[in-house]
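> Supplied in structure tokens, the structure appears directly below.
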Amino acid sequence: MKKKSYGVKPHRTALGTPTGKVEIYSITALRSRLDPLPDNREPLYTRPKAPDEFYLVNGKDDIVSSHLAFTHNAKYLGDRAVWMNPKDAERLGVKDCDEVELGGIDNGFKARARVRVTNRVREGVLFAYAFLGGRRSSLITEQFAYLREGVNPQWFTTGKIEPVVGSAPTNSTVRVRRL
Amino acid sequence: MTRLAHLWYQSRCTACGACIAACNAANYHSTDITNKAWGWLASNIRRVEILRGHRPLLYLIQCQHREAAPCVTVCLTGGSYKDVDGLVKIKPELCIGCKYCMVACIYNARWLDEETGLPRKCMEDECLSQVKAGLDPVCVAVCPAKARAFGDVDDPHSKISRRLAKSRYVRLLENKGTEPKYFVVVRP
């Protein structure tokens, strides 16, 4: 009886790609006559140049960013401060819990936030949770006033659309001023 | 002998805060009273982040149910006592609210309930009733990452013993010689 061949390695059948090997690229991009392989492009915001200029990146908080938890414990479980590396903080003379003014380099928007000095963020970069701080809804009552603390990272963005992906980047660059 | 203990799997923890919120919900009825002792919500678990070391570290601190618990030693009235199941508990009817136990705890694991004037700590009534019913305490039950375990460390077949047998773990401030029973698994 002939043995089944599907367990035999290496597989002898060539793959159905032009080279017969594994190829990873975007077919959608290829159909649109775009380069299907990733390449390096300049970001849609001005890069930081001065020592008080930083990239502002963001991420999701696992409770409040995802669910907008109007619960009392959201006050404690969400971190509404802007994170700064200890070396940057030392250079700017900023201490933990100090208030600073962030100004968008591209759009000039200004907002205040407290700083959290932490090694969870690298030098030259600030971090804030998205959809957590800086809420401006008129429905926020005094009881939930803590939702207004912090910044919304999208305040400082350019609003330009990424040419390939088609999404609006939420990263930006800001100038930090000590208050 | 029964020695109930908590285990926390540090590298598996996603810091989601579910255990903290569950403690607040189960033991304190989701109260919005501020735990002023810790600047935190009414919960027996405290999140401690170490932000200036070589790498960021997170610890979840709660009562360590130490074998030689200083909070029991300093208690004037017998309000804080070590039960036969190995857990450190409070009898509110004996407690006079002197706060000696809060000072004696090197983990700062007790906080003051300003409504009653008495200290609160892990484990509270709801969790104790769960354990009595053969279930896990709420913080263990809700953990989505399975980063917590609870059980008898003297029973070699218990969930916690089996996990300790195959893991590398530390105990916080073990050098104080008070035999903490809160095991922090640092490596599988």
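The values are calculated or read from the model by the stated rules, or taken from the named source; none is laboratory data. Computed from a predicted structure; not experimentally measured. With ideal geometry, Cβ positions are generated from the backbone for all residues, glycine too; neighbour counts draw on all protein chains shown. Accessible surface is based on the protein model in full, side chains and every heavy atom, while ligands, DNA and RNA are left aside. Shrake-Rupley method; radii C 1.70, N 1.55, O 1.52, S 1.80 Å.
> Given only helices, namely DSSP H runs of n ≥ 4 each adding -39500 (n - 2.57), what is the per-residue ellipticity at 222 nm of the protein assembly as shown, to the nearest 500 deg cm²/dmol?
Computed ellipticity for the protein assembly as shown at 222 nm equals -4000 deg cm²/dmol.
> On to the next question. Going Cα to Cα from residue B:132, which lysines come in below 24 Å? Please leave out same-chain ones fewer than 8 positions away.
Correct list for residue B:132: B:82, B:89, B:91, B:121, B:146, B:159, B:181.
> For a quick check, take a GNM of chain A with Cα springs below 10 Å and name the residue from A:75, A:21, A:160 with the largest mean-square fluctuation.
The residue with the greatest mean-square fluctuation here is A:21.
> Shape verdict for the protein assembly as shown, please, from the Cα gyration tensor: rounded (a/c under 1.5), prolate (a/b greater than b/c) or oblate.
Verdict is oblate for the protein assembly as shown.
> Oh, and also: By the gyration tensor of its Cα atoms, with a ≥ b ≥ c the square roots of the eigenvalues, what is the shape of the range A:53-178: rounded for a/c under 1.5, prolate for a/b over b/c, or oblate?
Values: a/c = 1.63, a/b = 1.12, b/c = 1.46.
In terms of gyration-tensor shape, oblate.
> Further, regarding this structure: Among B:30, B:111, B:167, whose Cα sits farthest toward the positive end of the charge dipole of the range B:4-185 (+1 at Cβ of Lys/Arg, -1 at Cβ of Asp/Glu, about the Cα centre)?
B:167
> Further question: Go ahead and set up a Gaussian network model of chain A, Cα springs under 10 Å, then flag whichever of A:23, A:42, A:123 fluctuates most.
The residue with the greatest mean-square fluctuation here is A:23.
> About its Cα centre, what dipole magnitude does chain A give when the only charges are +1 on Lys and Arg Cβ and -1 on Asp and Glu Cβ, stated in debye to the nearest 20?
Charge dipole of chain A: 940 debye, to the nearest 20.
> For residue B:86, which sequence-distant residues (separation of 5 or more, or a different chain) have an amide H within less than 5 Å of its own amide H, given hydrogens modelled in the peptide plane?
Under 5 Å from the amide H of residue B:86 lie the amide H atoms of B:4, each far enough along the sequence or on another chain.
> I've got another one for you. Which of the three applies to the range B:116-188, rounded, prolate or oblate, going by the alpha-carbon gyration tensor with a ≥ b ≥ c and a/c under 1.5 meaning rounded?
oblate
> Here is a further query. If we count trypsin sites (Lys or Arg not before Pro) as exposed when they sit in a DSSP loop and have at most 12 other beta carbons within 10 Å, what is the longest stretch of chain B that avoids them all?
Formally, the longest exposed-site-free interval is B:53-145.
> Separate question: Quick one: of the DSSP bridges fully inside the protein assembly as shown, what percent are antiparallel, nearest 5?
Percentage antiparallel, nearest 5: 75.
> Then there's this: Could you run the Karplus curve 6.51 cos²θ - 1.76 cosθ + 1.60 with θ = phi - 60° over the range A:159-174 and give me ³J(HN,Hα) per residue in whole Hz, x for Gly and Pro?
With the stated coefficients, the range A:159-174 comes to x, 6, 9, 4, x, 8, 6, x, 9, 8, x, 9, 7, 7, 10, 9 Hz.
> Before we go on, tell me the buried accessible area for the B/A pair, both chains summed, 1.4 Å probe, in Å² to the nearest 100.
That pair hides around 1400 Å² of surface in total.
> How many Å² of accessible area per residue for the range B:1-102, probe 1.4 Å? Provide the component values of the computation, followed by the final result.
Values: 4670 Å² over 102 residues.
Each residue of the range B:1-102 exposes 46 Å² on average to a 1.4 Å probe.
> Could you name the aspartates and glutamates whose alpha carbon sits less than 20 Å from that of residue B:176, not counting residues in the same chain fewer than 8 places away?
B:67
> Whole-Hz ³J(HN,Hα) for each residue in the range A:148-156, computed from phi via Karplus 6.51 cos²θ - 1.76 cosθ + 1.60 with θ = phi - 60°, x for glycine and proline: what do you get?
Result, ordered by residue: 7, 5, x, 10, 9, x, 6, 4, 9 Hz.
> Starting from the range B:63-151, pick out the GluC sites (Glu not before Pro) whose DSSP state is loop and whose Cβ has at most 15 other Cβ atoms within 10 Å.
B:67, B:93, B:114, B:115
> Sticking with this one: Can you give me the long-range amide H partners of residue B:169? Hydrogens built in the peptide plane at 1.01 Å from N, cutoff under 5 Å, separation of 5 or more residues or another chain.
Correct list: B:186.
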